[in-house]
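Each remark here refers to the structure printed beneath this line.
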Amino acid sequence: MLRAVNVLSVPKIFLDSLREAVLALLPFMFLRSIWILFNIINAHFLFMESSMAGLLSQLFGLVFPLLLTISLAYHLALGFSYERIHATILTLLLFLKFSGYIQFSEDGIALSSDFVLPQAIAIPVFVSVFYVVLRRVFTFTIDRKGVLNRSLKRHIDATLPYIVIYLIALLIAPIMHHFSLTPFVSWVAELSMQWQSVLYNFFIHLFWLAGIHGAAAYYTFFDAQFVTDIYVSNIPFTQFFDLFAVPGGAGGTWSLILALLLFSRNQHGRAIAKISLPFALLNINEILLFGLPVIYNPMLAIPFILVPLVNQFLAFMLFSVFPISVVNLDLSWITPVFANVWLATDGNAMAVLVQGCLIAIGALIYRPFIRRFEVDSNEMLGDKLARRLRLNGRVLAHGDMLLNKAQNELGEQVATVNDHMKQLLEGDLKVYYQPQYNVKTGALSGLEALLRIEKDGVVSSPAFLKDFISAGMASSIDVWVLEQVALDMKDWKQRGLLHTKVSMNLTVESLLDSEHIDNIKAMLGGLPLVVEITESGYIQNQVEAQSVILQLQKQGFHVAIDDFGSGYASLSMLAKLKADFVKLDRQFLENASSPEGKILYHHISSALNEMGYTVIAEGVESEEERAFIRECDIEFVQGYFYQPALSKQHIEEVLEGAGKARK
């Protein structure tokens, strides 16, 4: 099983995943831009045979839809925390089957990249959406009793939703053929040329924002015969569009570059603008669109569409009053700005001035959006902090030293975690259960779920947990434990063995993760669960922790503060606790060997009892300790004196015995 996804976070996860997918393709886009430049030079100097160069250019075009599909599938799976390999394989399979990328004919099999980019985006999104929905509605598992190997079970469980998604795709595909854009396309074709030109401008930029080549997509869906008609003065629309609406490329490339160079406070933004310069000179703007990125970026989407529309309106109005003439209709699309309008109008200075003014106006339109984009960017946090604190050179130099030290420590931490990961792969994670008893009656009162690792027949405590928590990886362990506990509790309830509460530990990372809390509610609602929160986690996050505790209690769960007194306890904390149980750490009990320790243990337990908490004594290992616990009027205990943590099989024997005793 994998974690469910909070519905409110879905749009953000989608956008973040799409942007990451686009950024992952930046090296390819850079390479393709380099190849375009090489082709331009090769056309004059013939370093490579034109047939071979054409074949390689075709290969670049054919590869891109596949790369986009794979990257989107991978990053969407990563964003929604499900199996990346399974998602990518299924998405690629659906793309090859339904997109038209593979075409069959009497001559054999052919590949075509024509008009498949919409499917390259839609199919990964389709798989992701249905997977998220299925995971929220159903719980997929083929082995509820834990018979299969954990790794095998995980892969089988991950495969089941994809089988369902594939079947859904097979059912939906024929239905989709009945939906047609023909009425809308016909309506657009009946509009005046002015309105068609505006919609052309709008739609091709909308397509670009989705990562699809705008003009190619427009020609796929709409009738574009009007683009060769005279638009204003004697200028055909297609040439007017290239010269004045989008100088430098889609979105007004040169306006965006100018805005980044003049107004950006972000080193990344300025660097991308500088890298884009040589390509923008030849109207190649993919580096800028994918590297900033503009693609899948809501903040820059508005000016990306707005600038070309404003340029179109202003140029049209101006040339309607002051006509100009175009004399050169065969300019190459790679002709740089200013040069293209100069050559097209036979040196009309006013036309060149208009193009320059439009670029400047576009830069001003981009300015506030770039500033807002950078404010929201994590990359600006360091710069903002430095400015606010007015850090001088010495402090910054010292910061570099601290950074190097932190990086070294991080490297050591990563190495340690990697060692633990190897141990996990070699062993097998298990959930064991330690019984809790009523010290007065001897009756079973509860179980605590504890993580264990089994290797070569030896079961041991997970020494890796502390390092996992430090590395911020504890949530993945918590998810796995939650799933196992949910399976076991539901199994015991079905078999009539669940007569007592079951406790489950929660790390600070998962405590503050609203999605994980939602998963607990969804998977264990109605079951006698006690969520244990460490005392240190509560102390460090009291407001947030108390909010979560109240949420869980409203859902019918109980909450325990674990390891109370392990080094962080304070008297003020006792008055703020809103938990149901407090578990006194064994360190308190060890200190009770002295008279002062006995007094302290007795007074703390008495205070907690008087405040209405149910106290559980941890780590009871001898008859003397058990007797002392009874003297302190503590009702519930757990520890080796009674029983250690037991496997599921052995704890079920304890549950069966407790059930018979109740009868």
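The values are calculated or read from the model by the stated rules, or taken from the named source; none is laboratory data. The structure presented is a predicted model; accordingly, all values stated were derived computationally and were not measured. All Cβ positions, even for glycine, are placed from backbone atoms using ideal geometry, and neighbour counts span all protein chains on display. Heads up: the accessible areas ignore ligands, DNA and RNA and are worked out on the full protein's heavy atoms, side chains in. Shrake-Rupley method; radii C 1.70, N 1.55, O 1.52, S 1.80 Å.
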Original post:
At Gln587 and Phe313, where each label point lies 7 Å from the Cα along Cα→Cβ, what is the point-to-point distance in nanometres?
Top reply: 6.8 nm
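The stretch 588-654: which chymotrypsin sites (Phe, Trp or Tyr not before Pro) are DSSP loop and have at most 15 other beta-carbon atoms within 10 angstrom? Could you put the intermediate results ahead of the total?
Working: sites: Phe588, Tyr601, Tyr613, Phe628, Phe636, Tyr640, Phe641, Tyr642; in loops: Tyr613, Tyr640, Phe641, Tyr642.
Of the chymotrypsin sites (Phe, Trp or Tyr not before Pro), the ones in loops of the stretch 588-654 whose Cβ has at most 15 other Cβ atoms within 10 Å are Tyr640.
At a Förster distance of 22 Å, what's the computed FRET efficiency of Leu364 paired with Phe202, Cβ-Cβ distance as r, to 0.05? Please report the intermediate quantities before stating the final value.
Details: r = 21 Å, r/R0 = 0.95.
With R0 = 22 Å, the Cβ-Cβ based efficiency is 0.60.
Could you look at the stretch 277-356 and say what percent of its accessible area is carbon and sulfur, using a 1.4 Å probe and all protein chains? Don't skip to the answer; put the middle values down first.
Details: 2490 of 3330 Å².
Carbon-and-sulfur percentage of accessible area, whole number: 75.
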Original post:
Over the alpha carbons of the stretch 283-378, what is the largest minus smallest coordinate on each principal axis, giving the biggest first in Å?
Top reply: 49, 28, 17
**OP:** Go through Phe98, Gln58, Ser33 and say which Cα lies farthest out towards the positive end of the charge dipole of the stretch 17-124; charges sit on Cβ, +1 for Lys and Arg, -1 for Asp and Glu.
**Re:** Ser33
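Can you give the Kirkwood hydrodynamic radius for the stretch 162-283, in Å, rounded to one decimal and based on Cα pairs?
Numbers: mean 1/r = 0.0576 Å⁻¹.
Every distinct Cα pair counted, the radius reaches 17.4 Å.
Quick one: which of Lys521/Lys660; Lys490/Lys583; Lys490/Lys648; Lys493/Lys521 span more than 22 angstrom between C-alpha atoms?
Working: Lys521/Lys660 30 Å; Lys490/Lys583 26 Å; Lys490/Lys648 13 Å; Lys493/Lys521 17 Å.
Listed pairs above 22 Å: Lys521/Lys660; Lys490/Lys583.
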